[in-house]
Number of protein chains: 2
Amino acid sequence: MFAIKYELIKKDLKTKARLGVIHTPHGDIETPVFMPVGTQATVKTMTPEELKDIGAKIILSNTYHLYLRPGHNLIKKAGGLHKFMNWDRAILTDSGGFQVFSLGPLRKITEEGVEFRSHLDGSKHFLTPEKVIEIENALGADIIMSFDECAPYPAEYDYVKKSMELTLQWAKRGKIAHKNIEKQALFGIIQGGTYKDLRKECTLRLVDMDFPGYSIGGLSVGEPKDIMYDILDYTTEYMPEDKPRYLMGVGSPDDLIEGVIRGVDMFDCVLPTRIARNGTVFTSKGKLVVRNAAYAEDFLPLDEECSCYTCKNYSRAYIRHLFKSNEILAARLATIHNLHFLIKLMEDVRQAIKEDRLLEFKSKFFKKYGYKEEC
Amino acid sequence: MFAIKYELIKKDLKTKARLGVIHTPHGDIETPVFMPVGTQATVKTMTPEELKDIGAKIILSNTYHLYLRPGHNLIKKAGGLHKFMNWDRAILTDSGGFQVFSLGPLRKITEEGVEFRSHLDGSKHFLTPEKVIEIENALGADIIMSFDECAPYPAEYDYVKKSMELTLQWAKRGKIAHKNIEKQALFGIIQGGTYKDLRKECTLRLVDMDFPGYSIGGLSVGEPKDIMYDILDYTTEYMPEDKPRYLMGVGSPDDLIEGVIRGVDMFDCVLPTRIARNGTVFTSKGKLVVRNAAYAEDFLPLDEECSCYTCKNYSRAYIRHLFKSNEILAARLATIHNLHFLIKLMEDVRQAIKEDRLLEFKSKFFKKYGYKEEC
């Protein structure tokens, strides 16, 4: 038995969208879902209670960061990541693959694993697929990721093929190393860049290994959006219906909707929290840079259609004042709003699937919101 | 009729401590009370709901800062400071006197007022006692302060005497300029440095002007603690029993208790919030620097005897990790704890007065806490 179970509730008639529930040891997650990112065992600026208030059922945390600081053994001693950070709902940890590879020339890849230097103190480290699973077992998240190599864009076919082979080998080794099957579900990660035959091959070979869920990695790494959507659409064709599908690192409003339509169940992205801290917020009419002078005497809420704590209680003028004054409450209020926006968007998307009106919802949403986001 | 009314509930038998209630247009405040400081229309890192959770009934905000940014006229347009910052309990604004004078050589004092340069952009400003009241009337706090000159320590007798005369003149001019008597209570500020005759004279002449409350300024500006306590003790002798007494800018645990014993009702200080953001917290056993390596694997709460949100849910190890990782939640959790500590301390002090055991409470508190704080 896997630690999690995906229950398919309904398939959309006009698109590949799916309504489902993921049953985890720390509660049920209705899908499609957006997962806030808590890189360093905290979703930046937020308490767990605030995350619950906006409806978050699962958050993501980063293996690479926690391994380096405070260390997985310390977190294990604390009783695991849930207890350490006071979050009793579900957690997903990535494998650190993306972080290690985005370090660039500081790392050395072999079949055995990756040697790299810490971004904190320059110290040398060696991560293998087995070591990564050991770390993730110590952290104790409900859903954990295989160690993978994330190829850049653009990249030559031969490079991406070799990289995919490595990712497949590492997935197999990680699966063998995984010690906590009944409490933590290990996902395989589909790589293959923008090459369809590689995406298909990687998907089929991973499915053959039988994971409780599958992630799609290596997208939204610089390729044009139409290529990303095309590869995504093609890849989900080969993914099993009875397992959750997670598109890694993608989370702008347009990508969420386009991803759902192509059959994705889970998303995460630092975008909403990062832009919030810089004073940019999502609204039903598109992005708004609340730091701008235009809002100095604007006493409307960030989004007139929003029901979040921030919009119920504060004006653009006040929030702008907080940003100009470098007050921490500015980042808090904007973060609450942006995360609420995406979580509410996914609630609306699920309701639209339920009521067979997803495409109408999409066109109505984009008519107001506009359609040019970057993550 | 003044905007506020002080009700004396009980006088301690062995000390000058008083139990009272200040009735304000935004609720009742049990005294003695510690007021958290929200310099820029926000108590750093906190929401109003969090302040209410820890029992804050009144907060302080700074006229000088709000005048410069975002401007008192903007706040007036927003419906006043309460509405602007979403705080429906009482607010006290200082007069900016302390801030203007601590700017040092950048300012020029005349009988008419003070010319100074903004710490934000270097722009030139001129504040008079009338202008300060105009600003405070626009902000709309329940309790407002007269413009005063805060003499440094040490200072020559003649300088302090002249400065006190100016403060008295300005108090009179501010009283005449005050437009909103039924909603905002204007306090006079007692100056006079460490010279007892000047303190006495200043107090008596201010009392003669009949203010709804009196502040003691110019203490805790560098003088030794025994001198501060002595001057304080002497000054409160001449303050009327039927008006609240506010000791400005003082708020370490020992100063709070010593101040109460000398007859003070109200205190404020940036100390608890400032040291919190640097990773230092109050505990029943004295200060604790949670950033220290000693707490890396310490899974106890900040203070085992504390019932605040932070102590109920997080370990020293986790909070230290957040500080080392520069996470905003670190500052939030430490701030909640420190403000809770002082507000709870004052609750305990009030209870001790009620039960005629204030001196026993004091000696018990300091036996555990130790006795060398700085504000």
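The values are calculated or read from the model by the stated rules, or taken from the named source; none is laboratory data. Being a predicted model, the structure only gives us computed values, none of them experimental. No Cβ is skipped: glycine too gets one built from the backbone with ideal geometry, and neighbour counts run over all protein chains shown. With ligands, DNA and RNA removed, areas are computed over all heavy atoms of the protein, side chains included. Shrake-Rupley method; radii C 1.70, N 1.55, O 1.52, S 1.80 Å.
Below are the figures for this structure:
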quantity	calculated
Of all residues making up region B:159-168, the number that are open to solvent by 10 Å² or more (accessible area, probe 1.4 Å) and not basic (Lys, Arg)	3
Complete set of residues in region A:46-81 that are more than 10 Å from chain B (Cβ to nearest Cβ) and of a type in the set (Lys, Arg)	A:Lys52, A:Lys57, A:Lys76
Members of region A:303-314 found to be in a loop (DSSP other than H, G, I, E, B) and either among the β-branched types (Val, Ile, Thr) or within 14 Å of chain B (Cβ to nearest Cβ) (or both), listed by number	A:Cys308, A:Tyr314
Lone unmet requirement of (1) without any contact (Cβ under 8 Å) to a residue 60 or more places away in the chain; (2) open to solvent by 50 Å² or more (accessible area, probe 1.4 Å) for A:Ala171	(2)
Count of residues meeting criterion [in contact (Cβ under 8 Å) with a residue 40 or more places away in the chain, among the hydroxyl-bearing types (Ser, Thr, Tyr) and in contact with a helix residue (DSSP H, G or I) (Cβ under 6 Å, 6 or more places away or on another chain)] in region B:226-251	1
Which numbered condition B:Val43 misses (of (1) touching a Pro at 6+ places or on another chain (Cβ under 6 Å); (2) among the β-branched types (Val, Ile, Thr); (3) more than 9 Å from every other protein chain (Cβ to nearest Cβ))	(3)
In region A:201-218, the residues that are under 22 Å from A:Thr24 (Cα atoms) and among the polar types (S, T, N, Q)	A:Ser215
Selected residue (criterion: farthest from B:Glu201 (Cα to Cα)) from residues of region B:141-168 that are of a type in the set (Gly, Ala, Ser) and either touching a Ser or Thr at 6+ places or on another chain (Cβ under 9 Å) or free of Cβ contacts under 8 Å to residues at least 24 places away in the same chain (or both)	B:Ala141
Test result for A:Glu156, more than 26 Å from A:Phe2 (Cα to Cα), surrounded by fewer than 18 Cβ atoms within 10 Å (Cβ to Cβ) and modelled with pLDDT of 95 or more	yes
Residue pairs meeting the criteria (Cβ under 9 Å; at least 6 apart or on separate chains; first free of Cβ contacts under 8 Å to residues at least 24 places away in the same chain, in region A:20-41; second among the hydroxyl-bearing types (Ser, Thr, Tyr) and open to solvent by 10 Å² or more (accessible area, probe 1.4 Å))	A:Val21/A:Tyr6; A:His23/A:Tyr6
Unmet criterion (only one of (1) farther than 16 Å from A:Gly122 by Cα; (2) buried (at least 16 other Cβ atoms within 10 Å of the Cβ); (3) within 14 Å of chain B (Cβ to nearest Cβ)) for A:Asp88	(2)
